[in-house]
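Student: Pasting a structure below so you can have a look.
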Amino acid sequence: MDIFVKKPVIAIVISLIIIIAGLMASQRLSISQFPQIESSSLIITTEYVGVSADVVKGFVTEPIERVAMSVPGVDYVDSSTTAGLSKVTVWLKLNENSTNALAELNSRLSQISYELPDGVQDPSVSVTRVDRPGATFYLNVSSTTMDRSELTDFLERDVTPWFASVPGVQSADVLGGRKPAMRVWLDPLKMASLNIGADQVHQALIDNNVIASLGHVESASQNISIMSNALYQSADDFRQMIVKKSGDTFIYLSDFARIELGEDRGTDSARLNLSESVFIGIVTSPGSNEISIGDALYEQLVVTNSRLPEGTSITIGYDGTQYMRDALKEIFTTLVETVLLVGVVILLLMGSFRTALVPLVTIPISILGSIAAMLLAGFSLNLLTILAIVLSVGLVVDDAIVVVENVARHMRNGKGRIEAALISSRELLRPIFSMTITLALVFVPIGFVGGLSGALFKEFAFTLAIAVLVSGIVAITLSPIMSAYVSQEKGKESRLTHKVNLIFDRLSARYESGLYRVFSHDRALLTGAFVLSLLIVPFYLFSQQELAPVEDQSSLFVISEAPSGGSLDYSNQFMQKAVSSIEKMEGIDMVWQTLTESGGFSGINFVPYDQRSYSTSDVVQNIYFALKEITGLRVYPTSPMPLPTAGQFDVEMVIQSQDSHSDMLRYSYALLEAAQKSGKFMFVDTDLKLDMPHARLEFDSTKMMDLGLTTKAVTDQISLMVSEQDVTRFDSDGRAYRVIPMIEEQQLDSSETLLTLQIKTPNGDFVPLSSIANLEQTASVRSANRFNQLNSFRVLGGLVPGTTPDQALSILEQKAEEILPPGYQVNYAGSSRQLRQEGNSLFSVLAISLFMVYMVLAIQFNSFRSPLVVLLGSVPLALASGMSFSFLGMTTMNIYAQIGFITLVGLVAKNGILITEFANELQQKGYRKLDAVVYSAKLRLRPILMTTAATVLGHFPLVLVTGPGAEARNSIGIILVAGMFIGTIFTLFVLPAVYLALAENLNKSTDASFDERQAVLTK
């Protein structure tokens, strides 16, 4: 590479091109929390009103499950069936195209439409994100001038379309609202007195409120469309509807019904703190850039608020991107701190500001080069790519440090500037090439990892590898000639430079003598190194394991469960008590809630991290025990998932069997009891509960036949009066709303009142329902759940502080093996599924990385033994050093720690390459193996210590960082800092010993003395 020394303009131009490309790319890169991934599910909802759960499961759920399982790209299928409703969820594999899967599913559903019974509504399919249990944004809407139905109607007409049009928004739905509806409150006694049956009311509503398509009248000069008043538009229109003519008297709907423009039936309610509210839930599309969506949403919110009527306003209730923004801000701060710290370390160790410029210049060039490559590859600036840039700061200076130290050494020995640069570029070409390729290749296997780990860390690995490659290019092209012009010639060093050089000279001398002393006990040294390396196994086995550390995202989710048969008012009443308890705690900003009859999904927003003295994980248990006092609801606080994965609980185990749900019940309770006794669970629950009350009508077919009644005629009349089904629609300002006839709610205050309903017989008489049916009170499962077409139940748990999901899951697995009979099998959902599928996938990558590094080094050294010296002399002890800290509980064995170990392999191998490469060259020049390795280690001591110091201190901010996203950075920082610091100390003494034991004897002549050979090398 003499050309870059002799023609330095070429090196400068190459660096300028990289800088300009990086600066241009930095303006175009999008910003997000994680790399763009698509994690989707398809939810198939099918209504079969008035039918029991068992019938819905057999006739609707099971056929749909069968075709859903056959769709390409499906991970698993689960379902829940309740009375009148089937819900089948198709969970797609990561990065499966949801649009293609949706088209394929719809096609296959149409093929089984003939299998579904009459009366079943067509299956409705929606695409949802599985990595977010709720919406990404909740907008709080308040109004002093509109009631709830008016506000809902206004929002759906004039507001949500604007938010839904923001690019990347999948839907903008009104939560807790009530659409307008025409309520027809029937009086069964008046109906009986007027001889009006429910079937007549039903038919009158259908026949008299119609959309009339009357066509048009056309003449030679004009075309006139024909309109009519056939479609009702107001409550007065329905009051004047004629239901029947009795003699000369017309019977109007208002004669036996109270008609009002009211609210549609509600399935949910929204609350902010202690007040009832209406939310707009903004759901983002799978794989979308949420931060960009958030920016556009805030802009749209300003515009929308300016258009709202007086007394109405929209504010942000929950922003799912706030943590992302805070975490990105924190990691940018860490990047600045790292650059400054590395700069100070280099300055102190080089002893000269001018000399320190060489490695410092490498940092921005390498970072900008990786940014340009990121844009070409379609990546984004996210937590992982920025983390890669932070890590690269401590890595990219290594090669430049080696170059500038080597040039400065030659100049101290009397060489001229150009001569020193030429000699260094020749000496270091192979070592720098080997070190750069080795470190870059360590990350290549990550690109072939599937699942969540691969999807997340491909961009991380690519970014870090490119930064390292660019630093190698800079070290080969720009660093030699730049070093020649910034390093002081012999005798012209500054006082600081001279002092630093003197310190390193003394340290090198002591190190050399120490090596000779150590070699006299080489067997003991190698035995000790071997024993320490073996500690990797117990260190790993006894380390706490989890998918990713839990982060403080300044929010907690709250999952509530109401007793079976509870009403929406009941959930609201007891959730208000829960919120009152939560608001008493310090540091709470707001509590938002979305509630249903069965429970709800809510969130606690905390004040920012720097405004409170605790982390959210510290108070989860306190909140749980405080909410446990609320006896009317089961309330479970959970932390948001640290990775974009499905699930709401720390542990989600699925038990499958062909047994009925009632037979499975005792095993679910046995597992819950065993889990609770383990002491690892803060709470544990199951989704299998046999406590749903039902009122079962037993018809007397003989009596019905005597009265001329059929089962369908009776059930149709009952359904109209009590089921709150819509019969027809009315028009209001160009929109269709439901018309809902039913008897007054206060007349249905218990199931026994059903028997008082009057049923009209074919001959016009009315008989009470009690005369043809009996009422039987029964209980059944709340939801008949299935997993991959087998009956199933789930064990869901939250963990006590200090317990990892792996520990808790292992306990459940052990208890399941003891409790469950043959024919039962264990499966997983949510984050537990990811943990079991990918928990250690990156350690297999580590093995592949080591193999690839070995192969490359074998080619480089033209030997199969020299790579073993490099790897065995550095890697095992560094891994053991880093793993000891996870064993001691300072971090867990998680996905970030595993990335730290992979990075550590490349870093410590670089030190081994420096020593081994030069030792081989010395042997070829006539040195004995012992002298060669000692002199090589002594000569490379300074660059090794300098690169290690830059790496360790450069990554030290990752260890100390707090705030959003800190746990992941702490984990990778601890592994790198500890492994590199301790591993380098071991490498400096163990690797030379391994070299003596394993390296080939390349010395062709042993006549020259050590002093003579040393004199040759300094010429």
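Just so you know, all these numbers are worked out from the coordinates, no wet-lab data involved. What you are looking at is a predicted structure, and each value in this text was computed from that prediction instead of being measured. Here Cβ is always computed from backbone atoms with ideal geometry, including for glycine, and neighbour counts include all displayed protein chains.
Student: To check my understanding: the extent here is largest minus smallest coordinate of the Cα atoms along each principal axis. What are those three numbers for region 240-386, in Å, largest first?
Tutor: Result for region 240-386: principal-axis Cα extents of 113, 36, 28 Å.
Student: Give the long-range amide H neighbours of Ser171: residues separated by 5 or more places, or on another chain, with amide H under 5 Å away, using H modelled in the peptide plane at 1.01 Å from N.
Tutor: Those lying under 5 Å, H to H, from Ser171 are Val283.
Student: If you find the alpha carbon centre of region 752-826 and of region 499-522, how far apart are they in angstrom?
Tutor: Cα centres, region 752-826 to region 499-522: 75 Å.
Student: State to the nearest 20 debye the size of the charge dipole of region 40-129 about its Cα centre, where the only charges are +1 on K and R beta carbons and -1 on D and E beta carbons.
Tutor: Computed charge dipole of region 40-129: roughly 220 debye.
Student: I've got another one for you. To test your reading of the geometry: what angle, between 0 and 90 degrees and rounded to tens, separates the Cα axis of helix 966-998 from the longest principal axis of the chain?
Tutor: Approximately 30 degrees, to the nearest 10.
Student: For region 707-864, place one equal point scatterer on every Cα, skip the solvent, and apply the Debye formula. What is log10 of I(q)/I(0) at q = 0.14 Å⁻¹?
Tutor: Each listed q maps to, in turn, -0.93.
Student: Something else: Considering the options Leu102, Thr128, Thr82, tell which one lies farthest towards the positive end of the dipole of region 40-129, charges being +1 on Lys and Arg and -1 on Asp and Glu at the Cβ, about the Cα centre.
Tutor: Farthest towards the positive pole: Thr128.
Student: Give me the net charge for the shell around Glu776: Cβ to Cβ below 9 angstrom, other residues only, Lys and Arg +1, Asp and Glu -1.
Tutor: Summing Lys/Arg as +1 and Asp/Glu as -1 gives 0.
Student: Over the Cα atoms of region 428-519, what Rg and Dmax result, in angstrom?
Tutor: 20.0, 59
Student: Can you give the Rg to Rh ratio for the chain, taking only C-alpha atoms and Rh from Kirkwood?
Tutor: Value, to two decimals: 1.10.
Student: Here is a further query. Rank the residues Asp765, Asp398, Asp118 as a footprinting-exposure proxy: fewest other Cβ atoms within 10 Å of their Cβ go first. Spell out each step's value before the answer.
Tutor: Numbers: Asp765 13, Asp398 30, Asp118 4.
Lowest to highest Cβ neighbour count: Asp118, Asp765, Asp398.
Student: Given Met855, Met653, Ile604, which one lies farthest toward the positive end of the charge dipole of the chain, if we put +1 on the Cβ of every Lys and Arg and -1 on the Cβ of every Asp and Glu?
Tutor: Positive-end residue among those listed: Met855.
Student: Now a separate question. For the chain, what is the relative contact order in percent, using Cα pairs closer than 8 Å and at least 6 residues apart in sequence?
Tutor: That works out to 16 percent.
Student: When you count, for each residue, the other Cβ atoms within 10 Å and take the mean per peptide, how do 535-548, 960-973, 300-313 rank with the highest first? Please list the in-between numbers first.
Tutor: Numbers: 535-548: 17.8, 960-973: 22.4, 300-313: 12.4.
Listed from highest to lowest mean packing, they are 960-973, 535-548, 300-313.
Student: Taking a threshold of 28 Å on the Cα-Cα distance, which of the pairs Lys179/Lys760; Lys57/Lys179; Lys458/Lys910 fall above it?
Tutor: Result: Lys179/Lys760; Lys57/Lys179 exceed 28 Å.
Student: Rounded to a whole number of µm²/s, how large is the Stokes-Einstein D of region 40-129 at 4 °C and 1.567 mPa s, given Rh as the Kirkwood radius over C-alpha pairs?
Tutor: Numbers: Rh = 12.9 Å.
The diffusion coefficient I find is 100 µm²/s.
Student: Another question, then. Helix-derived [θ] at 222 nm for the chain: sum -39500 (n - 2.57) over DSSP H runs of at least 4, divide by residue count, nearest 500?
Tutor: Helix contribution divided over all residues of the chain: -17000 deg cm²/dmol.
Student: I'd like to know which of Asn1003, Ile481, Leu194 lies farthest towards the positive end of the charge dipole of the chain, counting +1 on Cβ of Lys and Arg and -1 on Cβ of Asp and Glu.
Tutor: Farthest along the dipole direction, towards plus: Asn1003.
Student: Continuing with this model, one more query. Expressed as a whole number of Å, what is the distance separating the alpha-carbon centroids of region 876-911 and region 424-484?
Tutor: Cα centroid of region 424-484 versus Cα centroid of region 876-911: 19 Å apart.
Student: Send over the semi-axes of region 47-100's equivalent ellipsoid, whole angstrom and largest first, taken as the square roots of 5 times the C-alpha gyration tensor eigenvalues.
Tutor: 25, 9, 8
Student: When Glu115, Glu290, Glu299, Glu156 are ordered from fewest to most other Cβ atoms inside 10 Å of their Cβ, what list results? List each step's numbers first, then the result.
Tutor: Values: Glu115 14, Glu290 23, Glu299 11, Glu156 17.
Fewest to most other Cβ atoms nearby, the residues stand as Glu299, Glu115, Glu156, Glu290.
Student: Can I ask one more? Which far-off residues, 5 or more places away or on another chain, put their amide H under 5 Å from the one on Gln545, with H placed in the peptide plane?
Tutor: Asp806, Gln807, Met893
Student: Roughly what angle does helix 8-26 make with the longest principal axis of the chain, taking Cα atoms, 0 to 90 degrees, to the nearest 10?
Tutor: 20
Student: Using a/c under 1.5 as the rounded threshold, could you call region 112-254 rounded, prolate or oblate? The axes a ≥ b ≥ c are square roots of the C-alpha gyration tensor eigenvalues, and prolate needs a/b larger than b/c, oblate otherwise.
Tutor: It is prolate, given that a/c is not under 1.5 and a/b is the larger ratio.
Student: For the chain, take the longest principal axis of its alpha carbons; what is the angle in degrees between that and the long axis of helix 198-208, to the nearest 10 within 0 to 90?
Tutor: Approximately 80 degrees, to the nearest ten.
Student: Any number yet on Rg/Rh for region 655-798, C-alpha, Kirkwood?
Tutor: 1.15
Student: To continue, here is another question. At each listed q (0.14, 0.17, 0.21 Å⁻¹), what is the log10 of I(q)/I(0) that the Debye formula gives for region 368-473 modelled as equal alpha-carbon point scatterers?
Tutor: Listed by q, the Debye log ratios stand at -0.61, -0.78, -1.01.
Student: Could you pull out the pairs from Lys190/Lys244; Lys87/Lys577; Lys680/Lys815; Lys499/Lys929; Lys87/Lys689; Lys499/Lys938 whose alpha carbons sit more than 23 Å apart here? Walk me through the numbers on the way to the answer.
Tutor: Details: Lys190/Lys244 14 Å; Lys87/Lys577 31 Å; Lys680/Lys815 13 Å; Lys499/Lys929 32 Å; Lys87/Lys689 18 Å; Lys499/Lys938 19 Å.
Flagged as over cut-off: Lys87/Lys577; Lys499/Lys929.
Student: Among the GluC sites (Glu not before Pro) in region 479-533, which ones are in a DSSP loop with at most 15 other Cβ atoms within 10 Å of the Cβ? Mind listing them?
Tutor: Values: sites: Glu489, Glu493, Glu512; in loops: Glu489, Glu493.
Filter output for region 479-533: Glu489.
Student: Note down the magnitude of the dipole of the chain about its Cα centre, charges +1 on Lys and Arg C-beta and -1 on Asp and Glu C-beta and zero elsewhere, to the nearest 20 debye.
Tutor: It works out to roughly 6020 debye.
Student: Same structure again: What percent do you get for the relative contact order of region 40-129 when only Cα pairs under 8 Å and 6+ apart count?
Tutor: Numbers: 170 pairs, mean separation 41.1, N = 90.
Relative contact order comes out at 46 percent.
Student: With N set to the number of residues, divide the alpha-carbon radius of gyration of region 81-140 by 2.2 N^0.38 Å and report two decimals.
Tutor: That works out to 1.40 for region 81-140.
Student: Then there is this: Quick check for me: using +1 on Lys/Arg Cβ and -1 on Asp/Glu Cβ, what's the dipole size of region 349-489 about its Cα centre, in debye to the nearest 20?
Tutor: Charge dipole, region 349-489, about its Cα centre: 200 debye, nearest 20.
Student: So if I take the alpha carbon set of region 504-608, get Rg, then get Rh from the Kirkwood formula, what is the Rg over Rh ratio?
Tutor: Taking Rg over the Kirkwood Rh, I get 1.50.
Student: List every residue whose amide H lies under 5 Å from the amide H of Gly317, counting only residues 5 or more places away in sequence or on a different chain, with H placed 1.01 Å from N in the peptide plane.
Tutor: Tyr138, Leu139, Asn140
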